[in-house]
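The values are calculated or read from the model by the stated rules, or taken from the named source; none is laboratory data. All values derive from a computational prediction rather than experimental measurement. The protein model used for the area step is the full one, side chains on, heavy atoms only, and it has no ligands, DNA or RNA in it. Shrake-Rupley method; radii C 1.70, N 1.55, O 1.52, S 1.80 Å.
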Amino acid sequence: EHNIYSNPSYLYVKGAATLRFSNLPAIELSLETPMAFYSNSLNNLEQIDIRAPRVMTVENLTSFNRMQEQGYFYLFLSGYHNTAKQRFLMQIAKQNKGLQWFHFGDIDPDGFLIIEHLRNKIGIDFKPIYMECEELERYADYAKPLEANDIIKARNMLQQGIYQQEMEYMLSHNCKLEQEIVSWMRSVKKEF
C-alpha cells in the first residue's frame with residue numbers, strides 16, 4: 001500500500017571455496033572478484049569448504065574490492081556484522097577447523113570494537129591485520145584527528161586492557177586512519 005519494501009541483505013565474498021546447497025549443484029569458487037549471495041539463499045547452504053588457510057573480514061567495501069592477497073577467503077562486513085554474516089562465519093568455523101581468522105578495519109576505536117564484537121558474538125579469535133601503529137605512522141599524512149566519541153572509546157578500551165598500544169598511540173598522537181588509505185597505498189605499492 002505504501003510502496004515500502006524491505007531491502008534484502010547480501011553477503012559479498014571472494015576467494016577459493018566450495019559451497020554446497022541443498023537445492024543446487026555444488027558451486028566452486030575461485031574468485032578474485034567478489035560474488036554476492038542473497039542472505040536468504042544461504043538458508044540452503046549445507047557445506048562450505050574454504051580452500052585457503054585464512055579468513056579475513058573487511059569492514060569497508062572499497063578495501064574489500066582492493067584486497068588481492070593470496071591465501072585468504074574474504075567476507076565484506078559493512079561495519080558491524082549482521083545475523084546472516086554471523087551464521088555464515090559460524091558455519092565456516094564449524095566446518096573448517098584450523099583456519100586463521102583476521103579482521104581488517106578502520107584504525108580507530110570503532111575498528112577495534114568491531115573485532116571485539118566479532119569475537120564475542122561468533123566465538124572466534126579474530127586478529128587485527130594492517131591495523132597496527134605501524135600503519136598509523138606510515139600513513140600519518142592521511143590521518144584525521146580523533147573526535148570526542150573516539151577519545152571516550154579509546155580510554156574505555158585502555159581501562160579494559162585491550163589494544164593498549166594502538167589506543168595509546170591514537171590518543172597521544174590524536175589520530176585515526178580510514179582503512180581505505182591503507183588498502184589504497186598497499187595496492188599502489190603492490191605489497192599484497
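Solvent exposure of the chain amounts to 52 Å² per residue of accessible area, where only protein heavy atoms count and the probe is 1.4 Å. Rounded to the nearest 10 degrees, the angle from helix 109-122 to the longest Cα principal axis of the chain is 40 degrees. Between the helical axis of 148-160 and the longest alpha-carbon principal axis of the chain there is an angle of about 80 degrees. Counting only alpha carbon atoms, the long axis of helix 164-173 and the longest principal axis of the chain meet at about 50°.
Comparing 18, 83, 62 in a Gaussian network model of the chain where C-alpha atoms under 10 Å apart are linked, the largest mean-square fluctuation is found at 83. So which of 85/176; 14/94; 121/153; 14/153; 85/127; 127/153 end up more than 29 Å apart, counting from Cα to Cα? Long pairs (Cα-Cα over 29 Å): 14/153.
How large a share of the accessible area of the chain, in percent, is made up of carbon and sulfur atoms when the probe is 1.4 Å and the other protein chains stay in place?
Here it works out to 47 percent.
Once you have the Cα-Cα distance between residue 51 and residue 158, take 0.36 nm times their residue separation minus that, and quote the gain in nm to one decimal.
Length gained between residue 51 and residue 158: 34.8 nm.
When both bridge partners sit in the chain, DSSP labels roughly 60% of those beta bridges antiparallel.
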